[in-house]
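The values are calculated or read from the model by the stated rules, or taken from the named source; none is laboratory data. This is a predicted model, so every value here is computed, not measured. Positions of Cβ are generated from backbone atoms using ideal geometry, with glycine treated the same way; all protein chains shown enter the neighbour counts. Heavy atoms of the whole protein, side chains included, go into the accessibility calculation; ligands, DNA and RNA do not. Shrake-Rupley method; radii C 1.70, N 1.55, O 1.52, S 1.80 Å.
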Amino acid sequence: MPELPEVEALAGFLREHAVRSVVGRIDIAALSVLKTFDPPITVLQGRDVTDAARFGKHLALQAGDLWLITHLSRGGWLRWTDNPSAAPPKPGKGPLALRVHFFTPEGSTPAFDLTEAGTKKRLAVWLVHDPQEVPGIARLGPDALAVTEPEFAEILGSTTARLKTSLVDQSLLAGIGNAYSDEILHVAKLSPFASSSKLDAESVSVLYRAMRDVLADAVARSEGQDAARLKGEKRSGMRVHARTGLPCPVCGDPVREVSYAERSFQYCATCQTGGKILADRRMSRLLK
């Protein structure tokens, strides 16, 4: 799933390539992606693109008093093309969900595609007058790169949830997902299962600095990358996430995994839990 650094980079990419353009034809390949119907998405056609922004993990394109907002979910992505097909896509064919064409001041006619891999379709698009009309944005806590350390301490102290859960709860803190929460906790050398409200002041400060450093570094690495390269850039910078069985870059011990529901997270037992291997329900079932 694209998280704060990737969505920030996509917003920057759109500011560079789409702002000052005029919205052309909009092709809908998957009607289910649209979560609003009033105003109809066709009213964007002919409007000037005035800005692009990020709200948590939501990507937004502004055209005057309207906002086209996207949540890419787990399998979604934005793909930019300078030479899109002139023929409208066939509904239900392939990963394409929606295509937005543009007319640039230079006379070119690029487009971006919103695509989604996999069988579970969760990519969502809203057209609204105010971003706060999107339920997920209205529920967002403070942005992870804007929150102050005292605010961060107050957020952690307000919940008894495990650290891993707190970091990815968008109503507490906006922008962090599964991947960067793994990285932040590894840098901070804290257990994903530690209780948020029981951290001492020093640990809170260490976690706050780790969060800022990990996200700022990822944003810096993503800045200026075109949309096609962002996924690879994200993977290349990971220390423990999605690296199960590989050596921890700090201590050399194998990175371990805990699976739950449809997700999993990775950690280093030596660096983060004092050598304790965290309970993995999947493995527990296999051993019964």
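Just the protein heavy atoms count here, and of the accessible area of segment 66-105 at 1.4 Å, carbon and sulfur take up 54 percent.
The three principal axes of the C-alpha atoms in the chain carry coordinate ranges of 59, 41, 31 Å, sorted with the longest axis first. To the nearest ten degrees, helix 201-222 and the longest principal axis of the Cα atoms of the chain are 40 degrees apart.
The residues of segment 101-241 have, on average, 45 Å² of accessible surface per residue, using a 1.4 Å probe with all protein chains present.
Volume of the convex hull of segment 149-287 (Cα atoms only), normalised per residue: 127 Å³.
With respect to the chain, whose longest principal axis is taken over its alpha-carbon atoms, helix 178-188 is tilted by about 40°.
Quick one: helix 4-17 against the long Cα principal axis of the chain, what's the angle to the nearest 10°, folded into 0 to 90? Once rounded, one gets 20 degrees. The residue list G274, S171, L145 was ranked by how far each Cα lies along the charge dipole of the chain toward its positive end, using unit charges on Cβ atoms, and G274 comes out on top.
Placing one equal scatterer on every Cα of segment 4-133 and applying the Debye formula, the log10 ratio I(q)/I(0) at q = 0.15 Å⁻¹ is -0.65.
Considering all different alpha carbon pairs of segment 76-152, the Kirkwood hydrodynamic radius works out to 15.7 Å.
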